[in-house]
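Contents: one structure, followed by commentary.
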Amino acid sequence: MQPNADLHAFLRQKFPAEYAAVRPAIEALREWLTDPANMAAHDPVASKRAMVGLEDPEGYTPIAELQRTVERSIESIKADPNNAAAYFMLARAMTELGRFDDENYHTAPLREAIEFAERATKLAPKVGKAWRALIEIQIHLHRDEMVADMLRDLGAQGFAPGTHATLSAKFAEARGNYDEAIDWYERSIGYIAEPPRRAEAYAAQAFCLLKQGRKSEAERPFLMALLEGGPNPWIGHNWSVLKFELANIVGATELNRRVLSWDWNYAPALDLKNFLIEHYNKRNQPYPGPIALQEEQLRGIALPGCDQLVLQQMNMSEWQPPKRGTRARATRTFRSGLE
């Protein structure tokens, strides 16, 4: 994206406001970890209990949830300083609290998160997620030579092929090698068992296609992302914008309706709805009601959010989440040494 006033203002902050709110607690933890007496703390039960209910921090995770993850991860670490999962969750939440958009991160949270990501890799050197936290930070800091070496080592060890493929895709995307990134995302999908993570990979693949100007081709991965991951306002909204750009106004309107049914306060979708209302008013056309998307008509399979009356008219079953598995929480992943 082209730099704009909002991005410049974001990068001029010493610390982004969302991150600054939790930074005192992070600094207090860093000081706490320097005291050898504290490192003797060992209550793994309390440490795991502090992380119950937390999901892996991602780009679409709400700010409040990221801040909650920071607080709970700190609580977990103070109960057991050897809990690698807590360091991973803390580093990932700090990283995402420094995000401006899909491509730009503030460097201050990234640099402060490195320490905790490195602790995760030292405590769990054979867990892909630990390396994910560290390597993603280095990708965002554009330390290309370091990232290339780390990915080479991770691939050679072979214990986390899915993590290696996903990180290789992110690295290629960050360098603008979109064809390579698309191929790596396709490979990563073959390793990922959890539907929400598969949805993330499909959405990332769609954005690579958009950056190449291959708009029509980007529709399929957006479709697959919603089929896999279910209601996701961020994915649904971006697909609705794409449909508008492809002159499929009715499809864009229907997707916008679904996004707002999932999250009525999702600001980008509200802006799009206001724009669509103005579009129909200018043409003296009524605002359309719920419909089946073209993809649903062609495939005979409902996507998330399809209206009940439309389902009945189309004789389609309501969308159900895939049953390949559920998203692995960090505690379970680090305990078993999986991706």
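Considering (1) more than 21 Å from residue 207 (Cβ to Cβ); (2) of a type in the set (Lys, Arg); (3) at pLDDT 95 or above, the lone condition that residue 299 does not fulfil carries the number (3).
Go through region 214-253 and report how many residues are part of a helix (DSSP H, G or I), among the polar types (S, T, N, Q) and surrounded by 19 or more Cβ atoms within 10 Å (Cβ to Cβ).
Selection size over region 214-253: 3.
The listed residues are 245, 295, 278, and the only one of them that is in contact with a helix residue (DSSP H, G or I) (Cβ under 6 Å, 6 or more places away or on another chain), acidic (Asp, Glu) and more than 24 Å from residue 61 (Cα to Cα) turns out to be 295. Can residue 140 be described as in contact with a strand residue (DSSP E or B) (Cβ under 8 Å, 6 or more places away or on another chain) and under 20 Å from residue 89 (Cα atoms)? Yes. In a residue-by-residue description of region 254-266, the property of being modelled with pLDDT of 95 or more and either farther than 22 Å from residue 302 by Cβ or polar (S, T, N, Q) (or both) applies to at least one position. Examine region 114-133 for a residue that is more than 19 Å from residue 334 (Cα to Cα) and buried (at least 23 other Cβ atoms within 10 Å of the Cβ), and state whether such a residue exists. No, the conditions are met nowhere in region 114-133.
Of the helices (runs of 4 or more DSSP H) lying entirely inside region 1-99, the ones with 2 or more residues being more than 29 Å from residue 232 (Cβ to Cβ), among the charged types (D, E, K, R) and out of contact with any Lys or Arg (no Cβ under 7 Å at 6 or more places or on another chain) are found at 23-33.
Please indicate, with yes or no, whether at least one residue in region 178-192 is over 28 Å from residue 304 (Cβ atoms), touching a His at 6+ places or on another chain (Cβ under 6 Å) and of a type outside the set (S, T, N, Q).
no
The combined condition, being hydrophobic (A, V, I, L, M, F, W, C) and farther than 19 Å from residue 203 by Cβ, is not fulfilled by residue 239. When residues in region 286-306 are screened for being more than 16 Å from residue 230 (Cβ to Cβ) and either assigned to a loop (DSSP other than H, G, I, E, B) or more than 31 Å from the chain's Cα centre (by Cα) (or both), 8 of them pass.
The values are calculated or read from the model by the stated rules, or taken from the named source; none is laboratory data. All figures in this text were calculated on a predicted structure; none of them were measured in a lab. Note that we place each Cβ from the backbone using ideal geometry, even for glycine, and neighbour counts take in every protein chain shown.
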